[in-house]
Amino acid sequence: MSSDLEQKVFKGERLSGDDIRELFEADLLSLANMAQEVKRTKHPGREITYIIDRNINYSNICLSECKFCAFYREKNDPEAYELDVEEIFQKIEELKCDEGCQILMQGGLHPEKCLDFYEHLLKSIKQKFDIHIHGFSPPEIIHIARLSDLSINEVIKRLVGAGLGSIPGGGAEILSDRVRKTISPNKCTADEWLDVMKTAHGQGLRTTATMMFGHIETLEERVEHLLRVRSLQDETGGFTAFIPWTFQPNHTELKGKAVSSYDYLRTLAVSRIALDNFDNIQASWVTQGDKIAQIALFFGANDMGSTMMEENVVKAAGVSFRMTEQDICRLIEDIGLIPQRRNTFYRPL
């Protein structure tokens, strides 16, 4: 890595695609040093944030057939399920007992559920609970719009009217159509994913952005992904956080070998440096485990994500790390930092 590039980073200058590609060739400790310096300009204190929430996968029935997914089932599969409203209520009750403030609602691309179903579900939850609903990734919203013969704008507007509070960044994978045509040919294109987020931001809805890497993508395609989310953030300012996480190959059609923790930390640090307009970068203890997530706090991450309570999608691929609020706080405190509980919008609680 050239000294000129290092100086650009420390001066806070915007990096080009070629600069970001060069960062991937830098040694790991230099990357950590640069990523931490960038983080300190945005977060000069010692606080590391986290949220108490719960993932609720209301169904695993999906017609997308993504080759990287071990979670989905076809409708007639004996392992297919759909949670009823009372089961969802029970999960939220358990979360509220733990002082949780958010649920993450995601399912598959169900072949039969139109917008009316989701509106009724959201309204039922909001009538019973004071809870923030972070739900329905862009592929789900596009699918609902197609089944319901409605525009993306109308679907988002009606979901918000029913109680949706923000949108997760799932389904981004890698924002390159070469990759998407191979690993998820029945899912939305890169442009469509970005269009959902742009539309949501235009309605005042905040969202997150993710990147699932470590499968068939090239480093150039990782760079392309970072540039595309950075560009949309320039335009709308609607992303609250970026969450890079690694593909988990077990029990998937795509198979392969999971990338190393080295590659995870490298990509995390590059994300922090390249995404100069993102305030928050989240560590992925769900895929990396507690120790690597702890180290990630020295590679540009300022947030430990959520307690989650339950996690089903990564677990289906044979990876099942668990952390309580106490576990998260201990990991943060053990390295001399301060745990700070937050809400969806990264406001301290």
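Any read-out appearing in this document is the output of simple, stated calculations on the displayed coordinates, not a laboratory observation. The shown structure was predicted, so the numbers you read here are calculated from the model rather than taken from an experiment. As a convention, Cβ positions derive from the backbone with ideal geometry for all residues, glycine included, and neighbour counts pool all protein chains shown.
If R0 is 22 Å, what FRET efficiency do you get for Arg341 and Lys291 from their C-beta distance, rounded to 0.05?
Details: r = 22 Å, r/R0 = 1.00.
Step by step, r from the Cβ atoms, then E = 0.50.
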Solitary cysteines of the chain, where the nearest other Cys Cβ is not under 4.7 Å:
Cys62, Cys97, Cys101, Cys114, Cys188, Cys329
Pairwise label distance in nanometres, His120 with Ser2, each label 7 Å out on the Cα-Cβ vector
6.2 nm
Equivalent ellipsoid, region 13-341 (semi-axes from 5 times Cα gyration tensor eigenvalues, Å):
30, 23, 20
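Show me the three semi-axes of the equivalent ellipsoid for region 1-140, from the C-alpha gyration tensor (sqrt of 5 times each eigenvalue), largest first, rounded to whole Å. Mind dumping the intermediate values first?
Values: eigenvalues 349, 98, 33 Å².
The equivalent ellipsoid of region 1-140 has semi-axes of 42, 22, 13 Å.
Rg/Rh for region 61-156 to two decimals, with Rh computed the Kirkwood way over all alpha-carbon pairs. Show your work: numbers first, answer last.
Details: Rg = 14.3 Å, Rh = 14.6 Å.
Checking Rg against Rh, the ratio lands at 0.98.
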Region 79-128: equivalent-ellipsoid semi-axes (sqrt of 5 x gyration tensor eigenvalues, Cα, Å):
21, 13, 10
Environment charge at Lys126 (Cβ cut-off 14 Å; Lys +1, Arg +1, Asp -1, Glu -1)
+2
Quote the FRET efficiency, to the nearest 0.05, computed for Arg40 versus Asn186 with a Förster distance R0 of 41 Å and r equal to the Cβ-Cβ distance.
0.45
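Taking a ≥ b ≥ c as the square roots of the Cα gyration tensor eigenvalues, with a/c under 1.5 meaning rounded and otherwise prolate when a/b beats b/c, else oblate, which class fits region 3-76? Can you show the working numbers first?
Working: a/c = 3.91, a/b = 1.91, b/c = 2.04.
Judged from the Cα gyration tensor, region 3-76 comes out oblate (a/c at least 1.5, b/c at or above a/b).
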Express in whole angstrom the spacing between the alpha-carbon centres of region 221-240 and region 104-166.
24 Å
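Using Cβ counts within 10 Å as a stand-in for footprinting exposure, how do Cys69, Cys114 rank, fewest first? Write out the running numbers ahead of the final one.
Details: Cys69 22, Cys114 16.
Least crowded to most crowded, the residues run Cys114, Cys69.
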Placing +1 on the Cβ of each Lys and Arg and -1 on the Cβ of each Asp and Glu in region 13-341, which of His43, Gly161, Ala269 has its Cα farthest towards the positive end of the resulting dipole?
His43
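Percent antiparallel among DSSP beta bridges with both residues in the chain, to the nearest 5?
Details: 2 of 30 bridges.
In the chain, approximately 5 percent of DSSP beta bridges are antiparallel ones.
Run lengths n ≥ 4 of DSSP H only: what is the helix-derived mean residue ellipticity at 222 nm for the chain, with -39500 (n - 2.57) per run over all residues, to the nearest 500? Working shown, then result.
Numbers: 14 runs with 158 residues, N = 349.
Helix contribution divided over all residues of the chain: -14000 deg cm²/dmol.
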Charged-residue dipole, Cβ positions (Lys, Arg, Asp, Glu), region 204-324 about Cα centre, Debye nearest 20
320 debye
Taking a cut-off of 30 Å between Cα atoms, list the lysines near Lys126, but don't count ones fewer than 8 places away on the same chain.
Lys75, Lys91, Lys96, Lys113, Lys157, Lys187, Lys198, Lys315
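To the nearest 20 debye, what charge dipole does region 13-341 have about its Cα centre, counting +1 at the Cβ of each Lys and Arg and -1 at the Cβ of each Asp and Glu? All intermediate terms of the calculation are to be shown ahead of the outcome.
On the way: 37 positive and 51 negative charges, 29 e Å.
Roughly 140 debye, rounded to the nearest 20.
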Measuring from label point to label point, each 7 Å out along Cα→Cβ, what is the His251 to Ile216 span in nm?
2.3 nm
